[in-house]
Amino acid sequence: MSVTHTLAQARQAGILALQEQQTSAGLDVDCLLTAVTGLSRSQILAFDERLLSAHEYKRYTALLARRQRGEPIAHLIGYRDFIDFTIKVAPSVLIPRPETEHLVEAALEQPADRVLDLGTGSGCIAIALARAWPASTIHAVDRSPEALEIAQQNARALQADQIRFFAGDWYAPVAVQQYALIVSNPPYIGLNEPELQQGDVRFEPSLALTSGTDGLSALRQIIAGAPARLAAGGRLWVEHGYQQAQAVRELMAAQHLIDIETRYDLAGHERITGGRTQ
Ligand SMILES: C[S@@+](CC[C@H](N)C(=O)[O-])C[C@H]1O[C@@H](n2cnc3c(N)ncnc32)[C@H](O)[C@@H]1O
């Protein structure tokens, strides 16, 4: 005789299994139940006497075991919400972070007709800008062919048809272009930082995370290359580590960018810095 489980029972057992490692155990369990049943979170809570099928329960316990090993929820369910859309993710791309939504907000303050997104990863920034500015030309670069494959799938699924994707090293594939806006969330963690051993980042590609011993190598290249690729009055916005803002402002000033300013993330950390050419 097969044992059946209600959503309430499965939920409770899942929370018990995860609560020692994950502060987000309740939310994690609801995400997994949503993925296996196709129900929304509110339906899971409202109809908690519904029985899980044997297939649903098997999938749920398999995902729960992977979560117990620390795998990111986004990898288990295959997507992450970003701003007002849902983006496919895989282990080959960085999982979009809430901090990066601030980068998009800052970039959107002034419309731009030609945009470059450096290190596009899942494509989340380029797609957000494409959705806001359907008439703009958007170029998106990444060195990882696997990331570009996911980004292109996301752009197709979200009808962000005007984005052109380029494989290569930062500005190399778009060397002769001029842009009104350059945006980038580059890798910015130092090679030996302890945070690389914690949480989701343990499962994400190091190409998306680390950049030299001080974490600033990519930011140095991106900022140094920006003036030559920006039209007059063009803007550069970058995301960076919470202790890197001063260094980033100095790098921008050294390139004679003006109107340099830093924005904070929701945790109150300096996270996004921008400047523009004269
Ligand atoms: C922090 S992730 C950002 C991904 C995405 N833009 C986001 O905000 O979620 C940095 C991205 O830069 C890419 N990258 C690293 N080094 C690069 C390089 N030299 N040239 C182009 N892209 C690079 C990585 O593959 C990764 O996708």
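Would you mind stating whether residue 52 is aliphatic (A, V, I, L, M), at pLDDT 95 or above and either on the phi < 0 side of the Ramachandran plot or out of contact with any Pro (no Cβ under 9 Å at 6 or more places or on another chain) (or both)? Yes; evaluated as a whole, the condition is true for this residue.
Considering 87, 73, the condition of being surrounded by 16 or more Cβ atoms within 10 Å (Cβ to Cβ) and touching a strand residue (DSSP E or B) at 6+ places or on another chain (Cβ under 7 Å) is satisfied by 87 alone. Answer yes if at least one residue in the range 260-276 is farther than 19 Å from residue 103 by Cα, modelled with pLDDT of 95 or more and touching a strand residue (DSSP E or B) at 6+ places or on another chain (Cβ under 6 Å), and no otherwise. No, because not a single residue in the range 260-276 is farther than 19 Å from residue 103 by Cα, modelled with pLDDT of 95 or more and touching a strand residue (DSSP E or B) at 6+ places or on another chain (Cβ under 6 Å). Of all residues in the range 163-192, those that are assigned to a loop (DSSP other than H, G, I, E, B) and either surrounded by fewer than 17 Cβ atoms within 10 Å (Cβ to Cβ) or within 11 Å of the ligand (Cβ to nearest atom) (or both) total 14. In the range 147-162, what count of residues is obtained for those that are under 19 Å from residue 204 (Cβ atoms) and either more than 7 Å from the ligand (Cβ to nearest atom) or β-branched (Val, Ile, Thr) (or both)? Adding up the residues that qualify gives 6. Remark: pairs (first residue in the range 82-110, over 26 Å from residue 262 (Cα atoms); second residue assigned to a strand (DSSP E or B) and within 12 Å of the ligand (Cβ to nearest atom); Cβ separation under 7 Å; 6+ apart in sequence or on different chains) = 87/80; 89/80. Looking across the range 121-146, the residues that are within 10 Å of the ligand (Cβ to nearest atom), surrounded by 18 or more Cβ atoms within 10 Å (Cβ to Cβ) and over 19 Å from residue 83 (Cβ atoms) come down to 141, 142, 144.
The values are calculated or read from the model by the stated rules, or taken from the named source; none is laboratory data. No experiment lies behind these values; they were computed from the predicted model shown. Cβ atoms come from the backbone with ideal geometry, glycine included; neighbour counts cover every protein chain shown.
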